[in-house]
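See structure below.
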Amino acid sequence: MSEPSPIVLIVDDEIQIRRFLRTGFELNGFVVHEAGTGAEAIRAATLRPIDIVIVDLGLPDMDGSEVVERIRSWSTVPIIVLSVRSTEAQKVRLLELGADDYVVKPFGIAELMARVRVALRRQLRAASGEPSVTVGPLTIDLAARAVTLNGQRLTLTPKEYRLLQVLAQHAGNVVTHQHLLKDVWGSIHMQDTHYLRIFVRKLRQKIEPTPDSPKILVTELGVGYRLAHASEAENGAPAPVTVS
């Protein structure tokens, strides 16, 4: 028996954008539901099973960030934001409200689908326990607390491992500075971003083939960090992250 098609809720007040997204998602095997306002989106997410939500910020009845916050208050469904707003402060706010990722307009459907696949895999990881996450030549076995690079086991300090563990649990998605600082060092260190810079530099010395030109542990300027793959630098979209 084949697996059921994933269901996406597209929230955008522009009919042309919804049609463009519907075509792209249906070509990739999704069942598509649409909403033109924030209220319609919240109602749809409440009344039917949804696997992922794509929401534009510029809605006629409320800001898309409110949709993100209200859905996240009761649901763990992955949410990807579409927006022409691309400031660092806006990105950080959206991530802290509960968005899993954001895509800045204009965008290509291939980039969006890559980010959707990453978000869905992350949700699968959360639902199925602690698997092994592979990003290019790097493998993080979360159950065994083991990290290997090209098959060779690495020696990490407890803080280095914890930092990599948090990134692996969100592989392919941006993790904000504050999230990392809280999870690794505790709430009292949420402003100590120099801790992150030091430990990210140490990690890159161990996991990056060329630490000064990182391809695995990528900086999102002013926002945070994420695990990625070398091909991201080539096509501008998150590359496949495998989960076993």
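The values are calculated or read from the model by the stated rules, or taken from the named source; none is laboratory data. Source: prediction; values computed, not measured. Here the Cβ is made from the backbone with ideal geometry for all residues, glycine too, and neighbour counts use every protein chain on show. Surface accessibility is based on the protein's heavy atoms, side chains included, excluding ligands, DNA and RNA. Shrake-Rupley method; radii C 1.70, N 1.55, O 1.52, S 1.80 Å.
Test residue 186 against the criterion of being within 23 Å of residue 144 (Cβ to Cβ) and either open to solvent by 60 Å² or more (accessible area, probe 1.4 Å) or modelled with pLDDT under 85 (or both), and give yes or no.
no
Keeping to the range 105-158, report how many residues are surrounded by fewer than 14 Cβ atoms within 10 Å (Cβ to Cβ) and in a helix (DSSP H, G or I).
6
Among (1) open to solvent by less than 50 Å² (accessible area, probe 1.4 Å); (2) part of a loop (DSSP other than H, G, I, E, B), where does residue 102 come up short?
(2)
Taking the range 193-225 only, how many residues are assigned to a loop (DSSP other than H, G, I, E, B) and within 29 Å of residue 79 (Cβ to Cβ)?
Matching residues across the range 193-225 total 6.
Could you tell me which numbered condition residue 80 fails, if it satisfies all but one of (1) assigned to a helix (DSSP H, G or I); (2) buried (at least 20 other Cβ atoms within 10 Å of the Cβ)?
(1)
Restricting attention to the range 13-31, does a residue exist that is in contact with a strand residue (DSSP E or B) (Cβ under 7 Å, 6 or more places away or on another chain), in a strand (DSSP E or B), modelled with pLDDT of 95 or more and open to solvent by less than 60 Å² (accessible area, probe 1.4 Å)?
No, the range 13-31 contains no residue that is in contact with a strand residue (DSSP E or B) (Cβ under 7 Å, 6 or more places away or on another chain), in a strand (DSSP E or B), modelled with pLDDT of 95 or more and open to solvent by less than 60 Å² (accessible area, probe 1.4 Å).
So which of 207, 216 is more than 25 Å from residue 99 (Cα to Cα) and open to solvent by less than 70 Å² (accessible area, probe 1.4 Å)?
Going through 207, 216 in turn, just one is more than 25 Å from residue 99 (Cα to Cα) and open to solvent by less than 70 Å² (accessible area, probe 1.4 Å): 207.
Being open to solvent by less than 30 Å² (accessible area, probe 1.4 Å) and either outside the structural domain of residue 74 (by TED's automatic domain parsing) or of a type in the set (Gly, Ala, Ser) (or both) is the filter here, so list the residues in the range 32-61 that pass it.
35, 36, 38, 41, 44, 45
Tell me which residues, restricted to the range 62-77, are open to solvent by 10 Å² or more (accessible area, probe 1.4 Å) and among the hydrophobic types (A, V, I, L, M, F, W, C).
Those that are open to solvent by 10 Å² or more (accessible area, probe 1.4 Å) and among the hydrophobic types (A, V, I, L, M, F, W, C): 62, 74, 77.
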